[in-house]
1. Restrict the check to the range 239-256 and report whether at least one residue is of a type in the set (Lys, Arg), in a strand (DSSP E or B) and either at pLDDT below 95 or under 23 Å from the mean Cα position of the chain (by Cα) (or both).
2. Residues Gly207, Gly181, Gly234: which one is under 30 Å from Thr91 (Cβ atoms), touching a Phe, Trp or Tyr at 6+ places or on another chain (Cβ under 7 Å), of a type in the set (Gly, Ala, Ser) and outside the structural domain of Phe302 (by TED's automatic domain parsing)?
3. Please specify each residue of the range 258-314 satisfying the condition of being touching a helix residue (DSSP H, G or I) at 6+ places or on another chain (Cβ under 7 Å), in a helix (DSSP H, G or I) and not small (Gly, Ala, Ser).
4. Can you name every residue in the range 77-101 that is in a helix (DSSP H, G or I), within 28 Å of the chain's Cα centre (by Cα) and either farther than 21 Å from Leu142 by Cα or of a type in the set (Val, Ile, Thr) (or both)?
5. Of these, Ala165, Ala155, Ala147, which one is of a type in the set (A, V, I, L, M, F, W, C), assigned by TED's automatic domain parsing to the domain that holds Thr69 and exposed (fewer than 15 other Cβ atoms within 10 Å of the Cβ)?
6. Within the range 300-314, identify whether any single residue is of a type in the set (Ser, Thr, Tyr), surrounded by fewer than 19 Cβ atoms within 10 Å (Cβ to Cβ) and within 30 Å of Gln173 (Cβ to Cβ), and answer yes or no.
7. Which residue pairs have Cβ atoms closer than 7 Å, lie 6 or more positions apart in sequence or on different chains, and pair a first residue in the range 203-217 that is of a type outside the set (Val, Ile, Thr) with a second residue that is part of a helix (DSSP H, G or I)?
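The values are calculated or read from the model by the stated rules, or taken from the named source; none is laboratory data. Computed from a prediction, not measured in an experiment: that's the story for all the values here. Reconstructed Cβ throughout: ideal geometry from the backbone, glycine too, with neighbour counts over all protein chains shown.
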Amino acid sequence: MGNRRRVAERRRTRPAMVGGMVAVVVGGAGFGVYALYDGGAAAEGRAATAASAKAKAVKTGPLSATEVTTAAQGFLTAWQQGRVTQAAAVTDDSAAATALLTGYTKDAHITGVTLTTGTRDGDKVPFSVKGTVTYKGISKPLTYDSALTVVRRTADGKPLVDWHASVVHPDLQDGDTLVTGESGTPPVTALDRHGGEITAAKYPSLGTVLDGLREKYGKTAGGKAGIELQVVRGKAAKAKKASDKTLLELSKGTPGTVKTTLSPIYQAAAEQQVAKQAKASVVVMRPSTGEILAVANTNHGFNTALQGSLAPGSTMKVITSSLLIDKGLASADKTHPCPKTFTYGGWKFHNDDDFEIKGGTFKASFARSCNTAFISQSGELENDDLTKQAQQVFGLSMNNWAIGVPSFDGAVPVQSAAQKAASLIGQGGVRMNPLNMASVASTVKSGVFHQPYLVSRSVDNRTLATASRTMSGSTLSQLRELMQYTAAYGTAAEAMSGLGPDYGAKTGSAEVDGQDKPNGWFTAYRGDLAAAGVVQAGGHGGDTAGPIVASLLRMGG
């Protein structure tokens with residue numbers, strides 16, 4: 001009797017068997033660790049049966065509130081306790097998470113971390129971070145807000161933190177690191193064109209500009225480095241021309257001084273204007289010199305105005321028109337086809353609401369932004385014609401602008417068939433930003449390309465980009481006529497009302513996959529001012545970007 005009881009007790013205290021596996025729970029971490037104890041054909045059969053059952057039981061569908069909260073808390077708790085391996089295991093990229101979380105303490109010297117969750121919003125969980133940065137006896141508190149998103153892993157249905165570097169800090173891009181130490185680049189004090197100090201507190205849009213100025217001129221502007229917590233950009237961010245960013249200053253360095261071309265009056269006005277839209281960007285410049293007077297974005301994390309890469313829509317028709325006129329394929333006052341639709345390269349291109357102009361001139365087609373008037377000329381053009389025009393006349397798409405801070409100088413790739421046709425109306429592979437399109441308007445106004453710049457070349461003797469040729473007098477006068485007519489009577493007339501007669505404009509709307517409304521574009525000049533803007537997902541450019549640009553041109557001076 002006693003022997004049978006002891007046998008039964010031993011059976012009851014054996015580890016739990018799961019499909020031929022012994023489940024052992026590691027205390028504290030809460031993760032299941034499994035090991036096979038018995039083998040042979042029978043075990044393999046049981047394992048196969050269990051695997052099959054498990055495969056059938058993989059959970060799919062939306063995550064529950066409990067799944068999201070549990071995964072988030074598991075990750076944040078492990079991170080706060082310094083258990084990097086366990087925290088990384090709750091993400092969908094444990095290697096990247098391990099590296100960044102290890103560096104958080106080792107390289108960034110952040111300790112005493114407290115993580116507090118906010119209110120869950122679907123699969124997203126916001127949280128606040130409090131910690132201390134200590135380096136060579138100097139300590140400062142660090143506080144910021146971040147967020148994570150929980151996703152379901154396809155293979156087994158497990159809820160995991162969707163890993164991105166921005167989880168650790170919102171200013172991080174994937175591949176970036178956090179480092180505390182003596183900054184390799186001294187700080188700079190940026191000045192406007194009148195000698196006033198430029199700060200991100202005064203002009204929120206210029207945070208990325210200030211970062212770029214420091215990166216380029218910090219070592220040569222006469223300053224001395226301090227001790228800082230910095231975002232050090234990785235390969236991916238550097239490819240996008242993102243600059244390193246200071247998050248916390250432990251000890252002040254001595255700043256050098258860099259003077260810019262920015263106007264405090266225009267900059268302040270530009271900041272106010274973009275704030276009226278959810279996602280707007282604008283650039284103001286002088287056609288006669290190339291000086292950039294203002295740069296503003298509604299969203300301050302990325303400088304879309306200088307570094308954006310967006311399809312410019314019908315504002316591209318300024319460049320395309322110059323090409324067609326150059327080649328004798330269009331003339332401002334001559335009759336030009338504008339059918340409802342036109343098929344080229346297997347694609348059927350439409351006008352807005354399928355309008356048509358019967359017996360109208362090219363000027364009328366430009367003013368109403370008739371797509372088919374341009375698409376219909378595709379067959380007369382070589383694949384590289386538009387690319388050459390953009391490069392040789394407008395100085396674009398050669399990756400050689402040197403404005404003083406990181407920028408993107410547009411892309412007009414060589415394309416064929418339908419994509420070539422789409423490029424003529426600013427779709428296909430064409431990519432621009434407000435700086436590029438302000439430069440296009442400036443080239444039309446001045447008659448020659450002046451590379452835009454934010455810092456005078458006299459500061460560092462850098463080489464500015466040039467165009468290899470100018471438009472003929474006939475082409476230039478017709479292009480100005482087209483833009484003037486559009487500002488007076490076309491799609492830009494409402495926004496440009498009262499600003500003539502020395503003016504010109506072009507509107508644009510660029511369709512974006514997965515976006516309900518197109519991006520609205522507007523580029524224009526008036527006197528010795530040119531400006532361009534985009535409102536992403538804003539709709540027609542004349543209604544959204546137009547008022548922003550026109551209000552700045554209205555300031556004159």
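1. Among the residues of the range 239-256, at least one is of a type in the set (Lys, Arg), in a strand (DSSP E or B) and either at pLDDT below 95 or under 23 Å from the mean Cα position of the chain (by Cα) (or both), which makes the answer yes.
2. Exactly one residue qualifies, and that residue is Gly181.
3. Matches in the range 258-314: Tyr266, Glu271, Gln273, Val274, Leu306.
4. Of everything in the range 77-101, those that are in a helix (DSSP H, G or I), within 28 Å of the chain's Cα centre (by Cα) and either farther than 21 Å from Leu142 by Cα or of a type in the set (Val, Ile, Thr) (or both) turn out to be Ala88, Ser94, Ala95, Ala96, Thr98.
5. One residue alone meets the criteria, Ala155.
6. yes
7. Tyr203/Gln267; Tyr203/Glu271; Pro204/Glu271; Ser205/Glu271
Here is a yes/no grid of residues against (1) over 30 Å from Ser456 (Cα atoms); (2) not in a loop (DSSP other than H, G, I, E, B):
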| position | (1), (2) |
| --- | --- |
| Glu382 | yes, no |
| Leu386 | yes, yes |
| Ile403 | no, no |
| Ala418 | yes, yes |
